[in-house]
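Notes follow once the structure below has been shown.
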Amino acid sequence: MERKVGSGNATVEAEADGTFVLRVDGSLQSQVDLADPTHLGFEYVRRIGDVLDLIAPRKQPISAVHIGGAGLTLARYVAVTRPRSRQVVLEPDEDLTEFVRETLPLPKRSGIKVRGTTGRAGITDLYDDSADVVIVDAFVREAVPANLVTAEFVAQCARILRPSGLLVFNLIDGTAGLGFVRRVAATLRSGLGDGVVLAERKVLRGKGFGNVVLVGSRASAPEPAGSRAQPPYEVLPLAELAGKAVPLTDAEGFVSPAAPAGTFGR
């Protein structure tokens, strides 16, 4: 199926394995398995699934905030693995959300609420100490919005997180020295303190563009073993990636590196 949405031309295509793939202007956005939402097709999404599995035991409800919606893959995962969870998705493209609801319908009583707003605007309306996890997985034209990785935004996320809550970023980098993700790592450390990095070895070694998942917490951040993800990815301390990088701020006006088409999905 195909439809014009606010962010471009959206399509949903059936795959041979029974899953469905969402694209916008040809760019891969999400892979959804309606029959088994615990099936996380994209490798980096499995990494975040590993992190979610460490927040609380299976079947125990959690409170999750998703910044960036697309096919709602991770929200569906939480709804199935932890029924009765409260989930808020901040997705500004309401046409895209409507298209996804029609072509990839959510189960009844999923507990997933989608709000048609940006992450930066929508997070200010959320209550203090109300979330167990905030997942930031938002892109505009293959780049991460600059105002979603600054110290000011991290402070807003910290405000709504519970003391043991996690802030998770899905980022893209592949530039020499990984300058972008290093600075976001420094920003996350300055706002929350502890954390880990999950990424393929080739990306961390600067040998190609790819997803880098950062996890921050005021408490000790969980360290998933990564046994479900293929190819193997490394888990290293946030401080090791950040090094001596300087945190990002709203005043800087930077531009994040744009990923090659097809690098990411959500």
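The values are calculated or read from the model by the stated rules, or taken from the named source; none is laboratory data. In this text, all values refer to a predicted model and were calculated from it rather than measured experimentally. All Cβ positions, even for glycine, are placed from backbone atoms using ideal geometry, and neighbour counts span all protein chains on display. Only protein heavy atoms, including side chains, enter the accessible area calculation; ligands, DNA and RNA are left aside. Shrake-Rupley method; radii C 1.70, N 1.55, O 1.52, S 1.80 Å.
Kindly indicate whether residue 86 is open to solvent by 10 Å² or more (accessible area, probe 1.4 Å), modelled with pLDDT under 95 and not small (Gly, Ala, Ser). No; evaluated as a whole, the condition is false for this residue. Of all residues in segment 24-41, those satisfying the criterion of being in contact with a strand residue (DSSP E or B) (Cβ under 7 Å, 6 or more places away or on another chain) and crowded, with 20+ Cβ neighbours inside 10 Å are 24, 29, 30, 31, 32. Of the strands (runs of 3 or more DSSP E) that lie entirely inside segment 110-222, those containing 2 or more residues that are open to solvent by 10 Å² or more (accessible area, probe 1.4 Å) and more than 21 Å from residue 239 (Cα to Cα) span 112-115. Pairing each residue of segment 30-43 that is closer than 19 Å to residue 233 by Cβ with any residue that is open to solvent by 40 Å² or more (accessible area, probe 1.4 Å) and of a type in the set (A, V, I, L, M, F, W, C), provided the two are 6+ apart or on different chains, yields C-beta distances under 9 Å for 31/20.
When residue 54 is tested against (1) surrounded by 18 or more Cβ atoms within 10 Å (Cβ to Cβ); (2) in contact with a Leu (Cβ under 9 Å, 6 or more places away or on another chain), just one condition goes unmet, and that condition is (1).
Considering only residues that are of a type in the set (D, E, K, R) and at pLDDT below 65, look in segment 223-266 and name the one that is least open to solvent (accessible area, probe 1.4 Å).
Of segment 223-266, the ones of a type in the set (D, E, K, R) are 223, 228, 234, 240, 244, 250, 252, 266.
Among the residues that remain, those that are also at pLDDT below 65 are: 228, 266.
Numbers: 228: 91, 266: 22 Å².
Ranking the candidates gives 266 first.
Within segment 171-188, residues that are at positive phi reach partners that are in a helix (DSSP H, G or I) and open to solvent by 10 Å² or more (accessible area, probe 1.4 Å) with beta carbons closer than 9 Å, at six or more positions or on different chains, in the pairs 178/204.
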